[in-house]
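**Q** Before we start, here is the structure in question, set down as structure tokens.
The values are calculated or read from the model by the stated rules, or taken from the named source; none is laboratory data. These figures come from a predicted structure and were not determined experimentally. All Cβ positions, glycine included, derive from the backbone under ideal geometry; neighbour counts span all protein chains shown.
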């Protein structure tokens with residue numbers, strides 16, 4: 001299985017440090033961002049991010065606004081919304097905006113890992129379909 005690039009976005013630094021250790025031990029490559037704006041800057045520079053784990057409640061740009069921006073600028077990047085402040089409304093809004101899934105803090109690490117791998121697989125399938133479409137368009141333009 002190929003490596004998974006994860007961007008962990010949360011303004012609680014101790015949580016980020018702990019989760020980064022736990023995910024790195026499980027052979028994931030983990031980048032950190034401590035705000036929505038920093039997450040968008042990271043995604044601009046790190047074009048190989050597969051999955052964003054995103055907290056909803058953050059100072060400044062909240063998780064829902066960050067999710068909206070990620071999906072507009074990087075539609076193939078999958079986002080798992082992770083929060084200790086879940087409401088039915090924010091869950092529905094997150095899913096409507098294209099979040100892959102929605103988990104409560106503290107979440108079971110094995111459940112989170114499974115969701116990360118499922119999200120990566122979905123992203124890979126979408127990239128494969130896009131590549132096939134590009135090949136077909138190229139072949140049609142070039143008489144083949």
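**Q** Looking at (1) surrounded by fewer than 17 Cβ atoms within 10 Å (Cβ to Cβ); (2) more than 25 Å from residue 129 (Cα to Cα); (3) out of contact with any helix residue (DSSP H, G or I) (no Cβ under 9 Å at 6 or more places or on another chain); (4) modelled with pLDDT under 95, can you tell me which one residue 91 breaks?
**A** (1)
**Q** A further question on this structure: So which residues in the stretch 40-72 are over 12 Å from the mean Cα position of the chain (by Cα) and in a loop (DSSP other than H, G, I, E, B), if there are any at all?
**A** 46, 47, 56, 57, 58, 59, 60, 61, 62
**Q** Taking the stretch 94-144 as the search range and keeping residues that are outside any helix (DSSP H, G or I) and within 13 Å of the chain's Cα centre (by Cα), which one is surrounded by the fewest Cβ atoms within 10 Å (Cβ to Cβ)?
**A** 98
**Q** Search the stretch 76-89 for residues that are more than 20 Å from residue 16 (Cα to Cα) and pair each with any residue that is surrounded by fewer than 21 Cβ atoms within 10 Å (Cβ to Cβ) and modelled with pLDDT of 70 or more when their beta-carbon atoms are under 6 Å apart and the residues are at least 6 apart or on different chains.
**A** Taking only residues 6 or more apart or on different chains, the pairs are 76/123; 76/126.
**Q** Turning to a different aspect of this structure: If you take the residues in the stretch 25-39 that are touching a strand residue (DSSP E or B) at 6+ places or on another chain (Cβ under 6 Å) and not in a strand (DSSP E or B), which one is surrounded by the most Cβ atoms within 10 Å (Cβ to Cβ)?
**A** Applying the filter and picking the extreme gives 39.
**Q** Further question on the same structure: What about residue 60, is it on the phi > 0 side of the Ramachandran plot and out of contact with any strand residue (DSSP E or B) (no Cβ under 9 Å at 6 or more places or on another chain)? Quick ask: steps written out before the conclusion?
**A** Working: on the phi > 0 side of the Ramachandran plot: yes; out of contact with any strand residue (DSSP E or B) (no Cβ under 9 Å at 6 or more places or on another chain): yes.
So residue 60 fits the description; yes.
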